1. Somewhere in segment 113-126, is a residue within 16 Å of the ligand (Cβ to nearest atom) and crowded, with 19+ Cβ neighbours inside 10 Å?
2. Only one of these is within 16 Å of the ligand (Cβ to nearest atom) and in contact (Cβ under 8 Å) with a residue 12 or more places away in the chain: T171, T212. Name it.
3. Among the residues of segment 72-95, what is the count of those that are farther than 19 Å from N183 by Cβ and either part of a helix (DSSP H, G or I) or more than 15 Å from the ligand (Cβ to nearest atom) (or both)?
4. I need the full set of residues from segment 261-283 which are loosely packed, with under 15 Cβ neighbours inside 10 Å and within 24 Å of E362 (Cβ to Cβ), in order please.
5. Taking segment 147-165 as the search range and keeping residues that are buried (at least 20 other Cβ atoms within 10 Å of the Cβ) and outside any loop (DSSP other than H, G, I, E, B), which one is nearest to the ligand (Cβ to nearest atom)?
6. I'd like to verify a number: residues in segment 181-209 that are surrounded by fewer than 20 Cβ atoms within 10 Å (Cβ to Cβ), in a helix (DSSP H, G or I) and within 16 Å of the ligand (Cβ to nearest atom), how many?
7. Mind counting the residues in segment 3-23 that are part of a helix (DSSP H, G or I), surrounded by 12 or more Cβ atoms within 10 Å (Cβ to Cβ) and not acidic (D, E)?
8. So V218 clears everything in (1) touching a Phe, Trp or Tyr at 6+ places or on another chain (Cβ under 8 Å); (2) modelled with pLDDT under 95 except one condition, right? Which one?
Amino acid sequence: MKKRIYMASPTMHGEEQEYVQQAFDTNWIAPLGPNVNNFEKEMEEYTGISYCTALSAGTAALHLAMKNLNIQEGDVVICPSLTFSATANPVVYENGKLVFVDSEPDTWNMSPAALRRALEKYPTAKAVVLAHLYGTPAKIYEIMEICNEYDVPLIEDAAESLGATYDQKQTGNFGLMSAFSFNGNKIITTSSGGMLASANEDYIKHATFLATQAREPVRHYEHKEIGYNYRMSNITAGIGRGQLIHLNEHIQRKKEIYFTYKKAFEEICEIRMNPYEEKIAEPNFWLSCITIDKNCGVKPIDIIESLEKENIESRPIWKPLHLQPVFKDCEFFSHYDDGRKSISEDIFDRGLCLPSDIKNTEADMQLIIEIIRKVFE
Ligand SMILES: *Cc1c(COP(=O)(O)O)cnc(C)c1O
């Protein structure tokens, strides 16, 4: 069997193991410990966000953001439809009412036009959750402006966008709180893990408290709130510290991959790369994605299957959440108000994610491009 070419798999460098070894040498296997404290500090320095708390998953970070906002049964929370289900699930954990909004075509992220219509109908929504899909910043300023108008808090799901910038500021700096993920396929990984970040120390303190079983600071295990076991371990944080050193290298290599595809596909007029706002945004290029022209006869599945035959991994775009059986009763606001097919559905129908693993060689890239080229012949 040929070696498998991945979309995005972990890339370790060596420092990860040194930090883990330190944890073993000092028996800081648990609880928490210096790697956790330092990983938080190093994330604060890297992102420029004042306070971070290290958690067991990005999903846990989003959940604690909902807890901090005190989302109650029936409270409306507005989410993008085109994202991973983990963006929306924490709303359901708190029995909130999910309202989905469409994407816009320039970044594939939350459509300001659709958001405005959602807020016109639900002006007392308790939160807007925004995602920076595939590492591409959303139209943050437009969305912030609308959120300010309606005085609704904005949460950034930056799980896929660590290191991406908007107007020279790291994603995660724009919301009241933001969530990062270090899951196995993300731009850096701790095998699994996440981080909640905020400029507001109280939110991070309360999240840390809830993440450690809501133990009151007294000796005898006193509880006034329901807590969770959501903290990151000192072993896991060691991997994170070693990875963070190499984040900028990962981004550089992801960017090279994106532009290698972009250049190659200039000759295939049916293909477009996932777009971004070049004037103000610098993505982290986590995944390179394409859409295929509607009328050319080639479907994403044709490319996915051709690549799979050569043991190369590729995947469909996230299936829009408003089309998911589990969310079928949720309301959806389209980018268009004239009954045209929604942007998220269109991207899902015509798009796919290409292998974007930073260990892929130049030869791997040329093989992938050649296979795709052949599909269009
Ligand atoms: C990965 C991801 C999450 C969840 O992060 P986990 O660490 O896997 O819990 C949330 N939102 C988006 C958009 C993601 O891609």
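The values are calculated or read from the model by the stated rules, or taken from the named source; none is laboratory data. Keep in mind the model is a prediction, meaning the values are calculated, not measured. Note that each Cβ is placed from the backbone with ideal geometry, even for glycine, and that neighbours are counted across all protein chains shown.
1. Looking only at segment 113-126, we keep the residues that are within 16 Å of the ligand (Cβ to nearest atom), and these are none.
No, because not a single residue in segment 113-126 is within 16 Å of the ligand (Cβ to nearest atom) and crowded, with 19+ Cβ neighbours inside 10 Å.
2. Being within 16 Å of the ligand (Cβ to nearest atom) and in contact (Cβ under 8 Å) with a residue 12 or more places away in the chain holds for just one of T171, T212, which is T171.
3. So the count comes out to 10.
4. K263, E266, E267
5. Checking each candidate, the answer is D157.
6. Final tally of qualifying residues: 0.
7. Of the residues in that region, 5 qualify.
8. Only one criterion is unmet by V218, namely (1).
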